[in-house]
1. About its Cα centre, how strong a charge dipole does the stretch 90-213 have in debye, to the nearest 20, once Lys and Arg get +1 and Asp and Glu get -1 at the Cβ?
2. Using C-alpha positions alone, give me the convex hull volume of the chain per residue in cubic angstrom.
3. On a 0 to 90° scale, report how tilted helix 193-213 is relative to the longest principal axis of the chain, with both axes built from alpha carbons and the result rounded to the nearest 10.
4. Could you give me the ³J(HN,Hα) list for the stretch 159-167, computed from phi with Karplus coefficients 6.51, -1.76, 1.60 and θ = phi - 60°, whole Hz, x at Gly and Pro?
5. Tell me which of Leu77, Leu17, Val127 sits at the most positive position along the dipole axis of the chain, charges placed on C-beta atoms (Lys, Arg +1; Asp, Glu -1).
6. Once every DSSP H run of n ≥ 4 in the chain is given -39500 (n - 2.57) and the sum is divided by its residues, what mean residue ellipticity at 222 nm do you get, rounded to the nearest 500 deg cm²/dmol?
7. Sorted by average packing, counted as other Cβ atoms within 10 angstrom per residue and highest first, what order do 69-75, 27-33 take?
8. Given an 8 Å cut-off on Cα distances and at least 6 residues of separation, report the relative contact order of the stretch 2-80 as a percent.
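Bear in mind these aren't lab numbers, they're just calculated from the coordinates by the rules spelled out. Here the structure is a predicted model, which means the values were calculated and not measured. Cβ atoms come from the backbone with ideal geometry, glycine included; neighbour counts cover every protein chain shown.
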Amino acid sequence: MQLYHHPYSLESQKVRLALEERNIDYTSYHVNPVTGKNMDPSFFRMNPTAKLPVFQNGSHVFFDTIEIIQYIERIALVSSGSGIITQSSKQVVEWMYKIQQWNPKFFTLSHIPEKYYIYTSKFIRRVIIARMSEAPDLATSYHTKLKEAYETEEKMRDPQILQRSEQDLVKLLDEVEMQLKETLYLAGNEFTLADVMLVPILARLALWVWRRSI
Ligand SMILES: N[C@@H](CCC(=O)N[C@@H](CS)C(=O)NCC(=O)O)C(=O)O
């Protein structure tokens, strides 16, 4: 099994943690989106959204975080055979979707100094155009990616977008806090894959708070 990911990617972190929790061996491939490696035709052909992470098991290729985590769970269930690992409950799945509803993109980008963000964004657009000429058969997908890059830049100039993202995060954290008054972990008193999905978000928040303090 192969995981294409990057250490700084929040979605990659969720999947890596799930793999560790369930003790699944995999081959790790780093794909750095800041240098535009996710736009290489070989990666793009596998995943035309160019997003990380991608999990591959033979002919099965997944790039939706929840789908990957649920697939990991199925593999763990089959390989455990002993019944030690049980299938996620309805509450676990509900929390997974609730956590995944918060899109960290704008919040993350807003923590990058503006001059670096603008420079990187321009660089990525150039990479997309260069790769498009190398692989004209993928032109439609590359065009979509280019459009997405321009749209993201525009949205980053809209303070309401960031405000909404912050509000959504606060709402999620409030719900988490309420739940943790009742139970030790999100879906009861056991650490589950729902908690696995929350941990990288908390770690990212801690990093931002620490950065602000120096
Ligand atoms: N497929 C993921 C989203 C993955 C995602 O947004 N990945 C980010 C990194 S955390 C990415 O690859 N960004 C680069 C890009 O959009 O080109 C999901 O199920 O929510």
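1. Working: 18 positive and 17 negative charges, 116 e Å.
Here the stretch 90-213 has a charge dipole of around 560 debye.
2. 135 Å³
3. Roughly 60 degrees, rounded to the nearest 10.
4. Each residue's phi maps through the Karplus curve to give x, 5, 5, 5, 4, 5, 5, 5, 4 Hz.
5. Val127
6. Numbers: 9 runs with 136 residues, N = 214.
Rounded to the nearest 500, it is -21000 deg cm²/dmol.
7. Descending mean neighbour count gives 69-75, 27-33.
8. So the answer I get is 37 percent.
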